[in-house]
1. Looking for whichever is within 20 Å of the chain's Cα centre (by Cα) and either at pLDDT below 95 or open to solvent by 10 Å² or more (accessible area, probe 1.4 Å) (or both) here; the options are G147, G69. Which one fits?
2. Which one of A188, A215, A210 is in contact with a strand residue (DSSP E or B) (Cβ under 6 Å, 6 or more places away or on another chain), modelled with pLDDT of 95 or more and of a type in the set (A, V, I, L, M, F, W, C)?
3. For region 11-37, give me the residue count where each residue is open to solvent by 10 Å² or more (accessible area, probe 1.4 Å), modelled with pLDDT of 95 or more and not in a helix (DSSP H, G or I).
4. Of all residues in region 100-130, which are more than 25 Å from the chain's Cα centre (by Cα) and buried (at least 16 other Cβ atoms within 10 Å of the Cβ)?
5. Under 7 Å between Cβ atoms, which residue pairs at least 6 apart in sequence (or on different chains) link something in region 206-224 that is free of Cβ contacts under 8 Å to residues at least 40 places away in the same chain with a partner that is acidic (D, E)?
6. Only residues that are at pLDDT below 95, open to solvent by less than 40 Å² (accessible area, probe 1.4 Å) and in a helix (DSSP H, G or I): list them for region 131-140, please.
7. Among the residues of region 49-88, which ones are more than 17 Å from V30 (Cβ to Cβ) and in a helix (DSSP H, G or I)?
Amino acid sequence: MNVDLHCHSTASDGSLAPAVLVARAFENGVRVLSLTDHDTTEGLAEARTAALALGMQLVNGVELSCTWGGATIHILGYGFEVDAPALVEAIGRLHEGRWLRAEEISRKLAMKGMPGALEGARAIQMELGDSGNAPARPHFAEFLVRGGFVKDRAEAFRKWLGAGKLGDVKQHWPTLEDTVATLRDSKAWVSLAHPSHYDFTRSKRRKLVADFIQAGGHAIEVVNGLQPADQVGSLAILAREFGLLVSAGSDFHAPGAWSEIGVYRPLPEDLPPLWCRFKNDQPTAVV
């Protein structure tokens, strides 16, 4: 059974519409899929219709932004009802926060001689499919490439949009504790997304995992796409130490980008996978 619990569509910063994404996942052998768009559940209805037609299991998913230790952290939620009041309210606030962030990124880029970024990023987003959500950093990166301000998206993130750079605006996010509480109140299973992606020391990463567990988290994402094998090993050690469930996924955004949907490094066999708690499209009771 091929499982992918982390991917993105045009509802956030992916390049494929939800139905197209589901079809691609099916072609790649995925049979249990969770669409985890950033701070929105907008694509889930379309994805579910497509998954049902193909006989796939679609688990409701989302990737929520929050702050911890002065950094933006991402938390994955699974198996909730999309109309759960706590989640609906939190996503509404995040929707507003993302528009404020986009406006602030645009303002900062204009101050550096790159005007019209919000309009340009929004136009690029609408080329892919208008989600109604604010343009994300990949859309701004493409605007910078097309405007000739950088040579490619990698340079856009390295110079302007990456962690600690001008476009790394995070004051609109809730805390990690509040985000985990929102997902727990929504009866979701909760996983810490790609812990190795944050530029932390080993001790600070361990502190993050400890605080995440204290807040009520269930799992950590031990495998994220084709990340280095040594990172998988380090996260596996943390999962064993803390007795955590584990999640894994491609973190697919676009063809030819970070990784292909359904493709990621093997999960160590001794670790308990979160998806074993999913049965017939309905997760078992959250504890």
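The values are calculated or read from the model by the stated rules, or taken from the named source; none is laboratory data. Fair warning: this is a prediction, and the values are worked out from it, not measured in the lab. Quick reminder, even Gly has a Cβ in these numbers, built from the backbone with ideal geometry, and neighbours come from all protein chains shown. Accessible surface areas use protein heavy atoms only, side chains included; no ligands, DNA or RNA. Shrake-Rupley method; radii C 1.70, N 1.55, O 1.52, S 1.80 Å.
1. On the way: G147 fails: within 20 Å of the chain's Cα centre (by Cα).
Answer to the check: G69.
2. On the way: A215 fails: in contact with a strand residue (DSSP E or B) (Cβ under 6 Å, 6 or more places away or on another chain); A210 fails: in contact with a strand residue (DSSP E or B) (Cβ under 6 Å, 6 or more places away or on another chain).
None of the other options fit; the residue is A188.
3. So the answer is 5.
4. Selection gives M114 alone.
5. Filtered contacts from region 206-224: A215/E177.
6. Step one: filter region 131-140 for residues at pLDDT below 95, giving 131-139.
Those left that are additionally open to solvent by less than 40 Å² (accessible area, probe 1.4 Å): 131-136, 138-139.
Passing the criteria: P138, H139.
7. Answer for region 49-88, where residues must be more than 17 Å from V30 (Cβ to Cβ) and in a helix (DSSP H, G or I): P85, A86, L87, V88.
So that you can scan it fast, the table gives a plain yes or no per residue for (1) closer than 30 Å to V20 by Cβ; (2) small (G, A, S):
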| site | (1), (2) |
| --- | --- |
| M111 | no, no |
| M114 | no, no |
| I124 | yes, no |
| E127 | yes, no |
| D130 | yes, no |
| R137 | yes, no |
| G147 | yes, yes |
| E155 | yes, no |
| L166 | no, no |
